[in-house]
Every structure is written in C-alpha cells, then in structure tokens.
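Data first, discussion second: the structure below is written as structure tokens.
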Amino acid sequence: MSKRKPRTGRSVPPKARTAKPARKAWSGRFREQTNRAVESFTSSLSFDQRLYGYDIQGSIAHCKALELADVLPHRDASAIIRGLGEVRAEIDAGRFPFAPEDEDIHMAIERRLIELIGPVGGKLHTGRSRNDQVALDIRMYLRDALGSVLGKVKRFQRALLDQARRHLDVVMPGYTHLQRAQPVLFAHHLLAYVEMLERDKGRMRDALPRLDVMPLGSGALAGTNFLVDRSYVARLLGFTAVTENSLDAVSDRDFAAEVLAALSILMMHLSRLSEELVLWSSQEFHFVELPDGFCTGSSMMPQKKNPDVPELVRGKTGRVYGHLLALLTTLKGLPLSYNRDLQEDKEALFDALDTVTASVDVYTELIKGLTVQRPAMARAASSGYVLATELADYLVVKGIPFRQAHETVGRLVRACLDRKRDLRELTLADLRTFSDRFEKDALDVLTVEGAIERKAQIGGTARKKVEARIKVLEKMLA
Ligand code: ARG
C-alpha cells in the first residue's frame, strides 16, 4: 500500500490531480484508494457535465436556505455563493480543471469550490445528498430541454403549414394498405403530420407539471435534520411544488420515463414521415424532389441521389425507443430508494433529447426545400379506380342500400380491369348495364376535384375545410 499521504483538494494544483489519485469527499471510512478501473467505470463526469448550470443554481438556493435556517452564518453563505459563481465562470469559459477522480459533476463542483474558498466550502453539502441534488438537476434540465424541443416542433409545424398553404391545389392519392384508395389534397396529408405533432407537444406539456416538483431537502433518502424551508428553495428555483416523500423523491424517475415515452412517440411520427419521403422521392412514385443539399450520392453509381436524411431519422427512431426501454428496464428491479443504477438515466435522456432535436431541426429545413411534383401526383390521384367509392355513393343517393351499391360498383371495376379501361372512360350506356339507377349526372361524380370537394365535413379533405384548418393552426402556432 502506498505510504503517500492523501492529498487535500486545496493543495493539489489542477495538473497534478489528473496524474495522482486524490482524496475523495467520502474517503474517511476507506483504507484503500479507489481502483483506477472502478474510478472510470463509475464516473458520470463525461456526460453529467452538462448539468453544471443547474447544479450550481441548486447549490446557491440550498445555501440561501441554510442561511435562512440559521445553519450557515451570512459570511459563510456569501463566501460559498461567491465561490460557486467563480466555479461557474471557470466552467463557462472552458478553464475548469476537471479530474478523473471527481466521479461526477456534483463532486467536481464541490471539490473546486473548496479549492477556491477553503474549508468553508465544505459547509455547502450540509443537509444535502447527491441523491436529492441529482434528482433536482435532472428535473431542471428536462424542464428547459422540453421547452426547447417544444419550440423546435412548433417551427417544424410551421414549415409543414407553409408547404400546405403553398400547395392547396395539389391532389394526390390517399392510401390504405399502400394501395390507392381515394383522392386527397396534398395539403391535407401534410396537415395530418401537423396534428400528430400537436399531440406530441401536448404529451410534452403534460409531463411538465410532474417535472415541476422540487426534491431538494430529501437528503440521501430520509429527509434532513436541518429545517430548511423547502418551499423557499422551490420558489428560488422556479418550482411550483415540493416533493412530499423523501424516499420517493430520490428514487423517482417516472418523469424521465414519461419524457422518453413522449419523445419516442414523436420519433415514431417523424419515422412515418421518413418512410413516406423515401417512397415519394423514389422514381417509382416521383411525388416529391428532396433538396439536393439534403441528399447524398453513391461512391460507385454516378446517377444516385439518396434520401439519407429521412433514412437516418427513421433509423434514429430505434435509438430513442431503446433509451425508453433501457430506462424502464433499469427502474423495474430497483428497491427503494436511491441506487447507483439510476445514474444510467442521464445518457438515455441526453441522447434522446439530442437525437430528437437534431431530427426535428433537419426536417424543418428539409421540408422548407421540398419540391412537389404536381403532375405525377395528379396522374396517380386520377387512376387506380380511386373514384369507385364516389360511384357507389351516387347509387346510395339514388336509393340503393350501400352494401348493394358497393357490390355493383365492385363488378363494374372488375369489368374495367378485364378490359383495361379506367372508370372515367365509361359512357352512361356502359354504366347502365350494371344498374338502371345510373343517370346522366353519374358521369359528373367521376372527377377527382368533385370527390375532394364532397368531403366537406369537419376533418374532411375538401379544400374549404383544409384551408380553414390551416388558418386555425397558423393562429395557434403564431
Ligand atoms: N452520479 C450520480 C448519479 O448520477 C449522483 C448520485 C450519486 N449518489 C451516490 N450516493 N453515489 O446518479
């Protein structure tokens, strides 16, 4: 065993710290140094650094509450708050001396605080544990991160709305089972995604009140002996409530699972759009042209223009689902209260938020640059017997039960298929061989425009309805 005296944080210059093992804040009951491999295995510093701003904010609030509770004299509290400001400035400026033995961002900040202001810095952790501290930091981080994603989703919705407005007269075939079904407005199709994203925002907003609960004061698990005013801390940090059970407060990550679930559903929507963009930009469909700047070529085939962005968004969806499943699996076997397993929450959350942010951002720009191939869409929208339902509905208006009308038009389509003819090539005489209820006006229902205009109820694809919904959504997103 080394005879070297353990070094104090204060006497060790930053460079030397990275070379030699240093004393830990919790090293009192240990005889041996932490194993090097364990040090790096247990460290969360590489990823929880991004919490530093929240950690320092939380520490300042905690320090003020300690002063208010007469646990810290004013002199000590101001020294600590000043020191925390210096630590923040160092990290902001990228000159903070991180050390591998810091273990996590909470320890790094406290270690540096004591280096900067001396042993009085050691009073900060009175009545606090990293367990309530980290719960606080993640809640604060997620609150801000969700706010940012909400804003980005809104921008994306606006890009979709702009394209919808610009292409109000473009028709396309609507599909079920990826078979041409009935004609719809391209704008109606785009608005379907705006509605999905509206629900995604709703789910994120729903998660906010459960994030907005302040856990500090729960200590390691049981609460603390110092009667800090938790409501005061909550007010300082902009929370509307405080947690009501200390055991729950340090072990609860429901809010993280909720956020990951909301992000997973959002990614699922982006992935469905991806699938459509990949199909639509293929030569088989040729409904849209993706902007060149958002595609890549082939290293071998000179003619290729590949839809990599939609493919990657589709691919990254699995990654976000993975984070949700990983967190739920981490949580399912944990006894109360804090367990180190919980440290695994952060990479899942951070990567999911980074992935969603990047995907939404790149899609906003891609959608802005999308070129719509009107003729190809129109051609597809008027073939494939997509007007068959119009003809069946015509017979219904003439008094035929729908089931019977469906059967009649089905036979008619079958006959057209056999003779390789389209519905619109039929004459009235042709129609009347299938039903004597067909009259001259039957031919009038066989237009794509008419089919669209008749879908005039709320939620239908009639231009008037789509235009009205665009207006409502534009107002909502303004
Ligand atoms: N790095 C830890 C985490 O992210 C902080 C809490 C550690 N607490 C403890 N008692 N080891 O969860």
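A short reminder: the numbers here are calculations on the coordinates, not readings from a lab. All values derive from a computational prediction rather than experimental measurement. Here Cβ is always computed from backbone atoms with ideal geometry, including for glycine, and neighbour counts include all displayed protein chains.
Applying both filters, DSSP loop and at most 12 other Cβ atoms within 10 Å, to the trypsin sites (Lys or Arg not before Pro) of the range 407-448 gives 420, 421. For the range 386-478, applying the loop criterion from DSSP together with a ceiling of 16 other beta carbons within 10 Å to the GluC sites (Glu not before Pro) yields 439. Residues whose amide H falls under 5 Å from that of residue 241, counting only those 5 or more places apart or on a different chain, are 214, with hydrogens built in the peptide plane.
Between residue 203 and residue 286, full extension at 0.36 nm per residue minus the direct alpha carbon distance yields a gain of 26.4 nm.
Volume per residue of the convex hull around the Cα atoms, evaluated for the range 422-478, comes out as 91 Å³.
Test of understanding: extend the Cα→C-beta vector of residue 376 to 7 Å, then name every residue of the range 273-315 with backbone N under 11 Å from that spot. Taking a point 7 Å out along Cα→Cβ of residue 376, the residues of the range 273-315 whose backbone N falls under 11 Å are 278-290. Put simply, the amide H of residue 171, placed in the peptide plane, has neighbours under 5 Å in 186, leaving out anything fewer than 5 places away on its chain. Shape class of the range 42-114 from the Cα gyration tensor (axes a ≥ b ≥ c, square roots of the eigenvalues): prolate, since a/c reaches 1.5 or more and a/b is larger than b/c.
Electrostatic tally near residue 419: other residues with Cβ closer than 14 Å to its Cβ, Lys and Arg +1, Asp and Glu -1, net +1. The fraction of all Cα pairs in the range 120-226 landing in successive 10 Å bins from 0 to the largest distance is 13, 25, 20, 15, 12, 9, 5, 0, given as whole percents. Cα centroids of the range 212-238 and the range 377-424: 68 Å apart. Residues whose amide H falls under 5 Å from that of residue 296, counting only those 5 or more places apart or on a different chain, are 306, 308, with hydrogens built in the peptide plane.
In the chain, the sites counted are chymotrypsin sites (Phe, Trp or Tyr not before Pro) in DSSP loop states with at most 12 other Cβ atoms within 10 Å, and the longest stretch holding none of them, exclusive of the sites, is 31-478.
Per residue of the chain, the DSSP helices (runs of n ≥ 4 H) give a summed -39500 (n - 2.57) that works out to -19000 deg cm²/dmol at 222 nm.
Can you give the FRET efficiency to the nearest 0.05 for residue 177 and residue 144, using r as the Cβ-Cβ distance and R₀ = 41 Å? Could the numbers behind the result be given before it?
Working: r = 43 Å, r/R0 = 1.04.
Computed FRET efficiency for residue 177 and residue 144: 0.45.
Helix 388-397 axis versus longest C-alpha principal axis of the chain: approximately 70°, rounded to the nearest ten. The residue 168 and residue 268 beta-carbon pair, evaluated with R₀ = 25 Å, returns a calculated FRET efficiency of approximately 0.35. Taking trypsin sites (Lys or Arg not before Pro) across the range 288-367, the ones in a DSSP loop with at most 11 further Cβ atoms lying within 10 angstrom of their Cβ are 304. Treating the angle as unsigned and between 0 and 90°, give the value, to the nearest 10°, between the Cα long axis of helix 402-419 and the longest Cα principal axis of the chain. Between the helix axis and the principal axis of the chain, the angle is about 80 degrees.
Cβ crowding within 10 Å ranks 196, 377 as 196, 377, fewest other Cβ atoms first.
Derived scalar couplings between HN and Hα for the range 102-108 equal 5, 6, 7, 5, 5, 5, 4 Hz in order, rounded to whole Hz, by the Karplus curve 6.51 cos²θ - 1.76 cosθ + 1.60 (θ = phi - 60°), x for Gly and Pro.
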